[in-house]
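Each remark here refers to the structure printed beneath this line.
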Amino acid sequence: MSRQPKGTRTLGGNEGERVERCRKVFFETFSAYGYVPFFAPGLQLLESAWDKFPPRFRKRLITVYSPSSEACCLRADMTLAAVSYLSSHYSPQERPLRLCYAGPLYRAPIPPETDFERMQFGAELLGWEGEGADVEITALLLRSLRQLGIHSPVVVLGHAGFLRECLGKLDRSVSIPLMQALLERRYEAYFASLADFHLQKEMETRLASIPRLRGNAASILAKAKDLFGETSPLKDLSLIVEALGELGLGENLRLDLALARELEYYSGPVFEIFSGNAGVSLGGGGRYDGLLEQYGIVGQALGFGLDLRAVASLSRFEGSMPAVAWCGGLSPRVALERADDFIASGYRVELSWQEKREAAIQLARTRGYDWWIDLAGCTAYRLETTGKERD
């Protein structure tokens with residue numbers, strides 16, 4: 001019996017088709033705005049990646065050796081590959097660089113998860129200086145999800161700089177466990193740590209408010225400004241919220257000022273994407289200017305990654321209508337020409353060259369299709385009613 005490694009999955013059938021449709025919609029949306037498809041190697045050199053990852057993330061790397069005996073890990077993060085590509089292939093005059101990608105990532109799972117391989121779509125905007133980049137990439141992401149039939153996606157905004165400002169004045173013995181609790185969303189542990197550290201009353205009150213600063217963007221911003229003043233991170237978030245509201249996307253926004261991303265290179269606005277009614281996290285991203293600095297590049301950078309399988313499972317994107325098309329004794333030339341006409345009308349056609357039309361109908365039922373087509377009669381039939389649909 002043939003089997004595959006534990007923690008991996010084969011995507012085929014209807015699931016594979018949905019994933020491919022989602023990938024295509026994302027690529028079409030972002031490519032129209034200048035995002036160039038990007039294909040990174042499946043291996044990353046440990047010497048290049050190790051110091052870019054926090055200790056907790058390093059434990060999830062899956063290490064291997066290349067045929068040249070170089071210490072590597074299976075690709076765990078696409079952003080490092082994108083920034084490395086920018087630094088080695090583009091001069092400052094050629095920036096910004098817009099990239100989009102789709103492919104597998106490999107990370108050792110955190111129980112109770114078991115899969116170490118996942119399919120991800122992402123986009124990166126690198127080397128940009130000026131306002132608008134955060135709004136651009138968030139708006140295109142929301143448009144893509146709407147095209148896929150996920151009509152109420154929610155982008156939850158936070159700011160890595162806000163958390164650093166709030167926790168940065170504390171001793172590391174205090175700030176590290178607090179940040180870890182926020183990363184893991186263990187808010188009871190966060191509040192318990194605050195009580196144990198016996199901070200000044202005003203500081204404790206402010207820090208205790210952070211996990212509660214989530215919800216409607218406008219009202220949360222107002223509360224945060226009352227507590228912390230008009231800080232630079234809050235100004236960043238205000239500009240993004242205002243611009244997305246002007247684009248008619250305000251209803252898709254929420255704020256969560258306790259939102260923390262696992263990778264420490266995030267330095268500005270960060271976000272997580274949810275499916276809306278189902279409340280399922282689809283991925284996230286944010287701004288990581290600090291990572292560019294490590295490569296000697298000046299400017300802003302931001303990007304995101306989405307779990308393609310999660311998006312595909314929730315999408316209601318129908319696309320073309322799958323059908324089995326019976327050739328009915330037609331010559332290959334005529335059959336393909338007539339099939340082209342049905343494809344142009346919105347069908348996805350699977351040809352059946354068998355002699356009997358009943359075999360084509362049965363194949364359509366086996367595939368789970370609603371339609372079969374008689375190419376000889378130039379007619380499409382819906383299987384539930386066997387009524388004529390189109391000549």
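The values are calculated or read from the model by the stated rules, or taken from the named source; none is laboratory data. Keep in mind that what you see is a predicted model, and the values were worked out from it rather than measured. Methodologically, a virtual Cβ is constructed for each residue, glycine included, from the backbone with ideal geometry; neighbour enumeration extends over all protein chains shown.
Please verify whether the stretch 303-313 includes one or more residues that are in contact with a helix residue (DSSP H, G or I) (Cβ under 8 Å, 6 or more places away or on another chain), at pLDDT below 90 and surrounded by fewer than 21 Cβ atoms within 10 Å (Cβ to Cβ). Looking for residues that are in contact with a helix residue (DSSP H, G or I) (Cβ under 8 Å, 6 or more places away or on another chain), at pLDDT below 90 and surrounded by fewer than 21 Cβ atoms within 10 Å (Cβ to Cβ), one finds at least one in the stretch 303-313, hence yes. If you go through the stretch 156-212 and pick out every residue that is surrounded by 14 or more Cβ atoms within 10 Å (Cβ to Cβ), over 27 Å from R287 (Cα atoms) and of a type in the set (G, A, S), you end up with 2.
Of everything in the stretch 121-153, what is among the β-branched types (V, I, T) and buried (at least 21 other Cβ atoms within 10 Å of the Cβ)? Give them in sequence order. Can you show your working first?
Start the filter on the stretch 121-153 by keeping residues that are among the β-branched types (V, I, T), which leaves 135, 137-138, 150.
Result: I137, T138, I150.
Tell me the residue from A339, A364 that is over 19 Å from N14 (Cα atoms) and not in a strand (DSSP E or B), please.
Numbers: A364 fails: over 19 Å from N14 (Cα atoms).
Criteria check complete, one pass: A339.
Any idea which of A49, A40 is touching a helix residue (DSSP H, G or I) at 6+ places or on another chain (Cβ under 8 Å) and modelled with pLDDT of 90 or more?
Details: A49 fails: modelled with pLDDT of 90 or more.
Residue meeting the stated conditions: A40.
Among the residues of the stretch 314-333, the one identified as surrounded by fewer than 13 Cβ atoms within 10 Å (Cβ to Cβ), in contact (Cβ under 8 Å) with a residue 12 or more places away in the chain and either more than 34 Å from the chain's Cα centre (by Cα) or over 30 Å from L141 (Cβ atoms) (or both) is G329. Of all residues in the stretch 52-71, those satisfying the criterion of being under 24 Å from the mean Cα position of the chain (by Cα), outside any helix (DSSP H, G or I) and modelled with pLDDT of 90 or more are K59, R60, L61, I62.
Looking across the stretch 346-391 at every residue that is surrounded by fewer than 13 Cβ atoms within 10 Å (Cβ to Cβ) and under 22 Å from S331 (Cβ atoms), the one that is modelled with the lowest pLDDT is identified as D391.
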